[in-house]
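The values are calculated or read from the model by the stated rules, or taken from the named source; none is laboratory data. Since we're looking at a predicted model, the values are computed, not measured. Every residue, glycine as well, gets a Cβ built from its backbone with ideal geometry; the counts of neighbours run over all protein chains shown.
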Amino acid sequence: MVRTIAAFVALLLGASGAAAQPGPTAVSPFPRGLTGTLAFQSDARSEANPNARVRLYTLNLENGSIAAIGGGGDWSDEQPRWSPDGTRLAFVSNRGGSYNIYTMDADGRNVIRHTSHAGNDRDPSWLPDGQSLVFSSDRDRGVGRSDLYRLWIGDGAVERLTNFFEGYAFMPSVSPDGNWVAFVATTFPTSDGFVNQVHVLELATRMTWPFDVSAAGCWPSWSPDGSKIAHVSLASEPSVIQVISSFGDTPQPLPGEPGRWFYYPDWSPDNRLLAVSISPQHHDGEDWDLAIVDPSRTLPLQRLTTGAGNDRVPDWRPR
């Protein structure tokens with residue numbers, strides 16, 4: 001009996017003598033009635049990730065099971081984005097030094113690097129045909145500046161889409177019809193200078209204009225039916241999620257939770273729900289977990305993950 005207990009304790013503690021770390025962890029009991037799969041990123045420590053690098057995972061919304069995808073080394077893989085047909089994921093990684101755009105199969109196999117630049121390429125967002133994506137990069141402007149670009153997956157061609165913003169143009173979200181890109185630009189004037197604001201770009205003309213000029217915002221997410229955009233509203237702290245129409249009007253702030261920041265909204269394939277991340281702090285002291293928000297207010301907030309580490313940037317797999 002003593003040997004059995006000792007062996008069990010050794011298994012729990014591992015060779016280091018410290019309790020094994022589980023990585024990102026689903027809540028228990030897990031919410032019922034959800035369907036689909038979320039891809040997300042997390043820096044939660046585990047035996048396979050002792051240095052808390054950002055890794056990619058999937059969360060099965062029917063049963064709460066979490067699986068690591070894409071392998072991992074002493075680098076960070078971030079910002080997973082499902083292809084329109086749900087068979088591949090675009091993501092960014094600094095496994096080659098700077099951040100570049102990669103894709104992989106839904107099971108994490110067949111990793112392909114698509115950009116090779118000394119600058120940092122981030123924020124991939126697919127066009128609906130799955131043949132190209134929009135991303136942000138500081139490749140032509142250096143650290144502290146960025147613009148939007150379009151990458152063609154087949155031949156690697158890259159086209160610059162913006163080139164005149166004061167600071168950043170980043171966080172693109174392509175509309176379901178492929179004609180528009182909601183994004184964030186550092187153009188909103190305040191007494192302290194300029195902060196982030198949601199804009200929209202028309203791909204055919206390269207014309208841009210701001211949405212919701214009443215307050216700062218970021219992380220836009222276009223609904224699958226093209227009728228609305230969810231984004232982070234920074235009108236006050238902590239932040240909340242706000243929904244606007246695809247014309248940029250009729251802002252609808254969603255109920256938050258006292259003392260919690262809400263970020264990284266992403267729509268469910270049926271346009272009904274939003275996957276988000278919530279945290280008691282932003283930056284210092286942050287601890288992000290995944291949750292589900294119902295814009296219709298029919299369902300209460302449903303938490304999906306828990307524990308140490310930052311679970312962020314959920315992306316709902318298309319049906």
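Quick notes
- Only one of the numbered conditions (1) touching a His at 6+ places or on another chain (Cβ under 8 Å); (2) surrounded by fewer than 14 Cβ atoms within 10 Å (Cβ to Cβ); (3) under 19 Å from Trp82 (Cα atoms) is not met by Asp225, and that is (1).
- Sole exception among (1) surrounded by 19 or more Cβ atoms within 10 Å (Cβ to Cβ); (2) within 19 Å of Pro220 (Cβ to Cβ); (3) among the charged types (D, E, K, R) for Asp138, by number: (2)
- Condition met for Gly72 (modelled with pLDDT under 95 and surrounded by 14 or more Cβ atoms within 10 Å (Cβ to Cβ)): yes
- Of the criteria (1) closer than 21 Å to Leu151 by Cα; (2) touching an Asp or Glu at 6+ places or on another chain (Cβ under 8 Å); (3) crowded, with 19+ Cβ neighbours inside 10 Å, which one Glu78 fails: (2)
- Residues that are among the polar types (S, T, N, Q), part of a strand (DSSP E or B) and buried (at least 20 other Cβ atoms within 10 Å of the Cβ), drawn from region 263-319: Ser277, Ser279, Thr305
- Within region 93-128, being part of a strand (DSSP E or B), aliphatic (A, V, I, L, M) and over 23 Å from Gly36 (Cα atoms) holds for Ile101, Ile112.
- When region 42-67 is filtered for residues that are touching a residue at least 40 places away in the same chain (Cβ under 8 Å) and either farther than 17 Å from Gly86 by Cα or among the charged types (D, E, K, R) (or both), the ones remaining, listed by number, are Ser42, Asp43, Ala44, Arg45, Ala52, Gly64, Ile66.
Per-residue answers, yes or no, for (1) closer than 23 Å to Pro265 by Cβ; (2) buried (at least 16 other Cβ atoms within 10 Å of the Cβ):
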position	(1), (2)
Gly96	no, no
Tyr102	no, yes
Ala106	yes, yes
His114	no, yes
Gly119	no, yes
Gln131	no, no
Asp147	no, yes
Ala169	yes, yes
Ser175	yes, yes
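- Any pair with Cβ under 9 angstrom, 6 or more apart, that starts in region 278-305 at a residue that is among the basic types (Lys, Arg) and ends at one that is in a loop (DSSP other than H, G, I, E, B): Arg297/Leu254; Arg297/Pro255; Arg303/Val27; Arg303/Pro31
- Region 179-207, residues that are over 19 Å from Asp249 (Cβ atoms), surrounded by fewer than 18 Cβ atoms within 10 Å (Cβ to Cβ) and not hydrophobic (A, V, I, L, M, F, W, C): Pro189, Thr190, Ser191, Asp192, Gly193, Thr205, Arg206
- Lone qualifier among Ala67, Ala39, Ala48 - being in contact with a Ser or Thr (Cβ under 6 Å, 6 or more places away or on another chain) and more than 20 Å from Ile101 (Cβ to Cβ): Ala67
- Note on region 72-124: residues that are touching a Phe, Trp or Tyr at 6+ places or on another chain (Cβ under 7 Å), of a type in the set (Val, Ile, Thr) and touching a residue at least 12 places away in the same chain (Cβ under 8 Å) amount to 3.
- Scanning region 148-168 for residues that are part of a strand (DSSP E or B) and modelled with pLDDT of 95 or more turns up Leu148, Tyr149, Arg150, Leu151, Trp152, Val158, Glu159, Arg160.
- Some residue of region 218-229 being without any contact (Cβ under 8 Å) to a residue 12 or more places away in the chain and out of contact with any Gly (no Cβ under 6 Å at 6 or more places or on another chain): no
- Test: Val232 is assigned to a strand (DSSP E or B), in contact with a Cys (Cβ under 9 Å, 6 or more places away or on another chain) and surrounded by 23 or more Cβ atoms within 10 Å (Cβ to Cβ): yes
Yes/no matrix, rows are residues, columns are (1) part of a loop (DSSP other than H, G, I, E, B); (2) modelled with pLDDT under 90; (3) closer than 22 Å to Arg81 by Cα; (4) not charged (D, E, K, R):
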| position | (1), (2), (3), (4) |
| --- | --- |
| Pro172 | no, no, yes, yes |
| Asp177 | yes, no, yes, no |
| Phe183 | no, no, yes, yes |
| Thr187 | no, yes, no, yes |
| Val198 | no, no, yes, yes |
| Arg206 | yes, no, no, no |
| Asp212 | yes, yes, no, no |
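- Filtered by the rule that a residue be modelled with pLDDT of 95 or more and of a type outside the set (Ser, Thr, Tyr), region 130-146 gives Gly130, Gln131, Leu133, Val134, Phe135.
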